[in-house]
Amino acid sequence: MRKGFTIIEILVSFGILALILGVSVLFLRLAGPTLTLRSAARMLSADLRYTAELANTTQIIHALRVDIPNSRYLIVRKTDPEVLVKEVTLNQGITFFTTTIPAGNAEFNILGATSTPGLITIQHQSGTTSTIDLRPSGYVRIN
């Protein structure tokens, strides 16, 4: 007797693999916008914390400026003249929805606190949103 697989066993194996692949692709397609939005929100909140840390460590006021029309934000050192520290453009499909920070400018003092608390909301083109809450103490939280 020979040992091996029959054609039926191989076809059943390929069928199961195709089913698993189909379910995985569907899941990734549905989860993609949420994952992209979460990633952008985490990056923005990390850069807000980074701006506060820069202000604290250098003892120079720093600001994060939201440029809503161009879907980007800038981190600047508030000296004369101002120095651009970092510029970030949001991923394709992600835009700024609203901000309650006055003039879209979150300034951090030498203690790492901000005098301009508020909310920054970003939106994926699918309509899902994520809000970053900036508190006067410099505390940043993703809602």
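The values are calculated or read from the model by the stated rules, or taken from the named source; none is laboratory data. Bear in mind that the values here come from a model prediction, so they are computed numbers and not experimental data. No Cβ is skipped: glycine too gets one built from the backbone with ideal geometry, and neighbour counts run over all protein chains shown.
Side notes on the structure shown:
- Condition met for Arg29 (surrounded by fewer than 10 Cβ atoms within 10 Å (Cβ to Cβ) and at pLDDT below 95): yes
- Look at (1) within 13 Å of the chain's Cα centre (by Cα); (2) within 30 Å of Glu107 (Cβ to Cβ); (3) of a type in the set (A, V, I, L, M) and you find that Leu35 fails only one, number (2).
- Of the residues making up the stretch 128-143, those that are over 15 Å from the mean Cα position of the chain (by Cα) and exposed (fewer than 13 other Cβ atoms within 10 Å of the Cβ) are Arg135, Pro136, Ser137.
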